[in-house]
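Have a look at the structure below, then the notes.
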Amino acid sequence: MSDERPQLRISVFMDYVCPFCFIGSERLLRLENSYDLRVNWCFVEIHPDTPPAGITPDDLDYSAEHRPALDESLAALAAANGLTLAPRHLVPNTRHALRMAEAAKDLGREPFYRLHRALLHAYFIDGRDIGDDGVLRKIAAECELPENLPDQAWSEHPTVDARMARYGAFAAAAGVSGVPTFVFGQRTLAGVQNLDTLRAAAVELSAAENSPPG
């Protein structure tokens, strides 16, 4: 990629258990062809009361009529992006996955993105339980991350603790009510967005950031 790509700073609120976040992440990262993306991945738990063993999709607050339509919509969105989603039999607790990803940011962009993509693909494509600590350790090892990263992330970690708390405050201040939510400067896009919408927001933000002062 050319070093002449304009830098673009974006914030994205997400959780690794959200299928729309998976599709949104895949679409957003396609903008890397045109921009040097600097994404502030703001991790929030959308189901914080999920027990460590997880729950079934039937336990979520969806009506019996709404669930088939949602599944069809997800399958169509995934297929449009060349993805085939694994059947979802478990909705995991993602607290440890989120904390591990947050801690991985301190290793640099490339190691973080290895883990970021691996966590999404592990759950949504391979059907692995990313709420299981053993599975998370294996994913970290597969990404060639330090062996002690999971334990550091899951214990009291002042930096991770502070940033996770800040994401919650940021979400409240920005009026974020769901994930994914994309923040392009002063423009906020809630929910999964098509690539054209993301590209238009990127063009608008890039023009604003690179325009000469008036």
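The values are calculated or read from the model by the stated rules, or taken from the named source; none is laboratory data. Keep in mind that what you see is a predicted model, and the values were worked out from it rather than measured. So basically every Cβ, Gly included, is an ideal-geometry build from the backbone, and we count neighbours across all protein chains shown. To get the accessible areas, we keep the full protein, side chains included, count just its heavy atoms, and leave off ligands, DNA and RNA. Shrake-Rupley method; radii C 1.70, N 1.55, O 1.52, S 1.80 Å.
Quick check, is ARG9 out of contact with any Ser or Thr (no Cβ under 7 Å at 6 or more places or on another chain) and closer than 26 Å to ILE139 by Cα?
Here the answer is no, as ARG9 does not meet what is asked.
Is it the case that some residue within region 14-25 is in contact (Cβ under 8 Å) with a residue 12 or more places away in the chain, farther than 22 Å from ASP133 by Cα and hydroxyl-bearing (Ser, Thr, Tyr)?
Yes, the conditions are met somewhere in region 14-25.
For (1) in contact (Cβ under 8 Å) with a residue 12 or more places away in the chain; (2) over 22 Å from PRO51 (Cβ atoms); (3) among the hydroxyl-bearing types (Ser, Thr, Tyr), each residue gets a yes or a no:
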{"position": "LEU83", "(1), (2), (3)": "yes, yes, no"}
{"position": "ALA86", "(1), (2), (3)": "yes, no, no"}
{"position": "LEU90", "(1), (2), (3)": "yes, no, no"}
{"position": "ARG95", "(1), (2), (3)": "yes, no, no"}
{"position": "LEU98", "(1), (2), (3)": "yes, no, no"}
{"position": "PHE124", "(1), (2), (3)": "yes, no, no"}
{"position": "ILE130", "(1), (2), (3)": "yes, no, no"}
{"position": "ALA141", "(1), (2), (3)": "no, yes, no"}
{"position": "TRP154", "(1), (2), (3)": "yes, no, no"}
Qualifying positions in region 86-117 - open to solvent by 20 Å² or more (accessible area, probe 1.4 Å), charged (D, E, K, R) and closer than 18 Å to VAL17 by Cα: ARG88, ARG95, ARG99, ARG114, ARG117
Yes/no for VAL179 being modelled with pLDDT of 95 or more, closer than 20 Å to ARG38 by Cβ and in a loop (DSSP other than H, G, I, E, B): yes
Residue in region 133-140 that is open to solvent by less than 20 Å² (accessible area, probe 1.4 Å), under 19 Å from CYS21 (Cβ atoms) and touching a helix residue (DSSP H, G or I) at 6+ places or on another chain (Cβ under 9 Å) present: yes
